[in-house]
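Q: Right, I'll just put the structure down here and ask away after.
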Amino acid sequence: MKSLKQLIIHYAQTYPKEMAPNNMLKFLDEETGYFLRNNYNGHFTGSAWIISPDKSNILMTHHKKLGKWIQLGGHADGESDLLKVALREAKEESGIQQFKVFSEEIFDLDIHEIPQNNSELGHLHYDVRFLIEADPTGEAVIISDESHDVTWIPLADVTKLNPEVSIARMIKKTIIMKDKKTNN
């Protein structure tokens, strides 16, 4: 298994125009405790961009604290294997236990601000996202305490619920992957 630094370097080579990889590498070099949620200089999180086998639906959560639709994921809580974190969070937040990991390589990177709330200072999430597949007709989805809702959303409708740049970027990558599969 590659280290987080190696994974980010590979991602940066694949997507040289994105700024997040360089900022994440700098954060890794300058910071300690970057897998701990109580590090208010920022910390790494692991997320799962969960697609259906035909790549036409995305499993998303309407997050209570953030008040918006996002991919499933969460805090590392000391775990350095962020793919493991993404899978753990996907299982906890959706109730689904059967996932197919497309690759141990990073699917997307994003740095975003988490606003201050009653118990936490504002801080940055250095979010490392992995591409994972689940069958919408398989296991029933549950809604965790962290969510208002968890549901499969048609790929074409995702930006209507969350128009953020990072979501649009993951949709674009999904469409490119879907088109490559169709053309092969």
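The values are calculated or read from the model by the stated rules, or taken from the named source; none is laboratory data. As the structure is a prediction and not an experimental result, all values here were calculated from the model. For neighbour counting, all protein chains shown are included, and Cβ atoms are generated from backbone atoms with ideal geometry for every residue, glycine included.
Q: Can you pull out the residues in region 134-174 that are under 19 Å from TYR11 (Cα atoms), surrounded by 12 or more Cβ atoms within 10 Å (Cβ to Cβ) and out of contact with any helix residue (DSSP H, G or I) (no Cβ under 7 Å at 6 or more places or on another chain)?
A: Selection gives SER166, ARG169, MET170, LYS173.
Q: In the set LEU121, LEU82, which member is in contact with a strand residue (DSSP E or B) (Cβ under 8 Å, 6 or more places away or on another chain) and either touching a residue at least 40 places away in the same chain (Cβ under 8 Å) or closer than 19 Å to HIS10 by Cα (or both)?
A: The match here is LEU82.
Q: Can you name every residue in region 11-53 that is over 21 Å from VAL165 (Cα atoms), in a helix (DSSP H, G or I), touching a residue at least 24 places away in the same chain (Cβ under 8 Å) and in contact with a helix residue (DSSP H, G or I) (Cβ under 9 Å, 6 or more places away or on another chain)?
A: Passing the criteria: only LEU28.
Q: Assuming ARG129 fulfils every condition listed in (1) assigned to a helix (DSSP H, G or I); (2) under 13 Å from the mean Cα position of the chain (by Cα); (3) basic (Lys, Arg) apart from one, which condition is it?
A: For ARG129, the failing item is (1).
Q: Surrounded by fewer than 21 Cβ atoms within 10 Å (Cβ to Cβ) and either more than 21 Å from ILE175 (Cα to Cα) or out of contact with any Cys (no Cβ under 7 Å at 6 or more places or on another chain) (or both): is that true of HIS10 in this structure?
A: Considered against the rule, which asks whether it is surrounded by fewer than 21 Cβ atoms within 10 Å (Cβ to Cβ) and either more than 21 Å from ILE175 (Cα to Cα) or out of contact with any Cys (no Cβ under 7 Å at 6 or more places or on another chain) (or both), HIS10 comes out as yes.
Q: Does GLU89 satisfy the criteria of being buried (at least 18 other Cβ atoms within 10 Å of the Cβ) and among the charged types (D, E, K, R)?
A: Taking the combined requirement at face value, the residue satisfies it.
Q: Something else: Filter region 62-73 for residues that are modelled with pLDDT under 95 and out of contact with any His (no Cβ under 9 Å at 6 or more places or on another chain); which is surrounded by the fewest Cβ atoms within 10 Å (Cβ to Cβ)?
A: LYS65
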